[in-house]
Amino acid sequence: MGTSAKNARTQGDHIIHAKQVCSKDGLSGQGVSIAVISDSFNCLGGADAGQANGELPPTVTVLKEADCQNERALDEGRAMLEVIHDLAPKANLLFHAMGDNPNDFIQALKTVAEHGARIIVDDAVYFSEPMFQDGPASQTIDRLATLRGIAFFTSVGNAGLNSYQSAFVDSGTYPLGAKQGVAHDFNPDPNKTDTCQTITVGADAFTVLSLQWDQPAKSISGGSGSASDLDVAVYDDPSCKQLSQAWVIGGTTDNLGGDPVEVVGFDNKGNHRRKTVGLRILKVAGPAPGLLKYILSGSSLPSEHPSIDEYRNDPKTITSAFGHANAENVFSVGAVETGPNNKPLRLSYYSSPGGLPILFDDQGNRLPEPVVRHHVDAVAPTNVNTSFFSKTRPDLEKDGKPNFTGTSAAAPHAAAVAALLLQAAARNDHVLPPIQLYDLLRRSAIDWGEPGYDHLSGYGLLQADRALQWLP
């Protein structure tokens, strides 16, 4: 069972002025149903105590719990629900486990929609979701938003700047033999060649790399699928001399006629040190992609956060929010750090920047111009208190209340503010469709980072009081 700290309240309430809206304007989220889709609700135990202590409402509708044998079941969903309950204490709360793949997620979306959710918020990341095309999950979100009027909020992910992209550059070398493919040249100097890139994976963590390239996916478009087959080779040493076998999973799928996706897992669990390795990208068959891109999964803990150690892209051009976090009708939320002693807020280093282009339509046709959406939409607080989550995160304020970190902590702040606005609109017999709700939240945010919109902080820091003032 997780630790208990009675009456833990998110520090985000005063940063985004939600508490002020609740006390001054009498808003509580009443009449609004919010569904959380995340890892688990009560696999650690203690939800009953949380409800008895007022950390959660007396009733939370759990539509589907996770398989609690899964090591990923950390009750992050319950932590998200606690944040929402702090800011919108009378909202009706629902929970559905995210499952293991995008199909599970789609079913969760449909289920919570059928149970009356007006707002859905999630922190799910699926590494097989497409980067350059709207996948089934994104299409489901778009339909629920436009046809059912459901607002959707998602965390942008914790990859931060851990993304690499380039056209495939043929090095003319076959380090594993001709059948295993020609290696990509990482070195941008035309007079030099380097087929080995150094990366570092997190300590005591399972790190995931998703490599994709600019060809349509069979699972989305049908048709002929990927015209190329790319593989990822991982080496136990940073100079790519000793091919890794024991602790690396995947990377050698036959992509021809399928999806242009290679997913590689690095199992560094039990090793309390980060591990530096070598990486090669090999073209086994087909034409050279005009754009390949990989994203390394991240963590909000520095020790678990991976890094790309050489041949990094310009930080101003890096994008790492992908999949349904880049759907057209989603409001994606990045994170700003809250810390002890009223330190100034700063953008979380792991908060994934948006701006990843959509290159293909649903039928697999290349678009005349790439579609670049304004995601990230806004930022909200992280490093906030909950009653139990998590033993592995630092207690920054030393107040005995564990801090909830990551963009997973930021997204429920936005969902709760949205519930307050929907309640306020309903008082005047006004219905806020998602597009108007999103626009209101964007326009009322306080500009952050670069002047105007940017893909790191979106339109700025969410502000509940300003949004309420600007409510039509």
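For residue 137, the conditions (1) at pLDDT below 95; (2) in contact with an Asp or Glu (Cβ under 7 Å, 6 or more places away or on another chain) all hold with the exception of (1).
Selection of first residues in region 338-351 that are among the polar types (S, T, N, Q) and of second residues that are modelled with pLDDT under 75, restricted to Cβ pairs under 6 Å at least 6 apart or on distinct chains, gives an empty result. Across region 350-396, the qualifying residues are those that are modelled with pLDDT under 95 and among the β-branched types (Val, Ile, Thr), and the one among them that is surrounded by the most Cβ atoms within 10 Å (Cβ to Cβ) is 382. Exactly one residue out of 243, 230, 256 is over 19 Å from residue 293 (Cα atoms) and aliphatic (A, V, I, L, M): that is 243. Select, from 81, 144, 87, the only residue that is in contact with a His (Cβ under 8 Å, 6 or more places away or on another chain), among the aliphatic types (A, V, I, L, M) and not assigned by TED's automatic domain parsing to the domain that holds residue 220. None of the other options fit; the residue is 87. Pairing residues of region 233-260 that are surrounded by fewer than 12 Cβ atoms within 10 Å (Cβ to Cβ) with residues that are assigned to a loop (DSSP other than H, G, I, E, B), at Cβ distances under 8 Å and at least 6 apart in sequence or on separate chains, gives 239/196; 242/236.
The single residue among 90, 6, 24, 110 that is surrounded by fewer than 24 Cβ atoms within 10 Å (Cβ to Cβ), among the charged types (D, E, K, R), at pLDDT 90 or above and more than 21 Å from the chain's Cα centre (by Cα) turns out to be 90. Would you mind finding the one in 96, 85 that is of a type outside the set (A, V, I, L, M, F, W, C), in contact with a strand residue (DSSP E or B) (Cβ under 8 Å, 6 or more places away or on another chain) and assigned to a strand (DSSP E or B)? Of the residues listed, the single one that is of a type outside the set (A, V, I, L, M, F, W, C), in contact with a strand residue (DSSP E or B) (Cβ under 8 Å, 6 or more places away or on another chain) and assigned to a strand (DSSP E or B) is 96.
Restricted to region 347-461, the set of strands (runs of 3 or more DSSP E) holding at least 3 residues that are within 30 Å of residue 291 (Cα to Cα) comprises 358-360, 366-371. Count of region 274-293 residues, restricted to those that are assigned to a loop (DSSP other than H, G, I, E, B) and more than 25 Å from the chain's Cα centre (by Cα), is 5. Among the conditions (1) without any contact (Cβ under 8 Å) to a residue 40 or more places away in the chain; (2) under 25 Å from residue 226 (Cα atoms); (3) part of a helix (DSSP H, G or I), the only one that residue 137 does not satisfy is (1). When the residues of region 46-72 are filtered to those that are polar (S, T, N, Q) and under 30 Å from residue 206 (Cα atoms), the one that is surrounded by the fewest Cβ atoms within 10 Å (Cβ to Cβ) is 69. In region 264-321, of all residues being in contact with a Pro (Cβ under 9 Å, 6 or more places away or on another chain) and of a type in the set (Ser, Thr, Tyr), the one that is surrounded by the most Cβ atoms within 10 Å (Cβ to Cβ) corresponds to 320. Scan region 297-326 residue by residue and report those that are among the aliphatic types (A, V, I, L, M) and over 12 Å from the mean Cα position of the chain (by Cα). Within region 297-326, 301, 308, 318 qualify. Kindly check whether there is at least one residue in region 212-221 that is surrounded by fewer than 18 Cβ atoms within 10 Å (Cβ to Cβ), assigned by TED's automatic domain parsing to the domain that holds residue 280 and among the aliphatic types (A, V, I, L, M). So far as region 212-221 goes, no, none of its residues is surrounded by fewer than 18 Cβ atoms within 10 Å (Cβ to Cβ), assigned by TED's automatic domain parsing to the domain that holds residue 280 and among the aliphatic types (A, V, I, L, M).
Consider region 170-194 and keep the residues that are among the hydrophobic types (A, V, I, L, M, F, W, C) and closer than 11 Å to residue 233 by Cβ. The one that is farthest from the chain's Cα centre (by Cα) is 176. Only residues that are of a type in the set (Ser, Thr, Tyr) and within 27 Å of the chain's Cα centre (by Cα) were counted in region 226-262, giving 3.
The values are calculated or read from the model by the stated rules, or taken from the named source; none is laboratory data. Owing to the predicted nature of the structure, the values given are computational and were not obtained by experimental measurement. Note: ideal-geometry Cβ built from the backbone for every residue, glycine included; neighbour counts use all protein chains shown.
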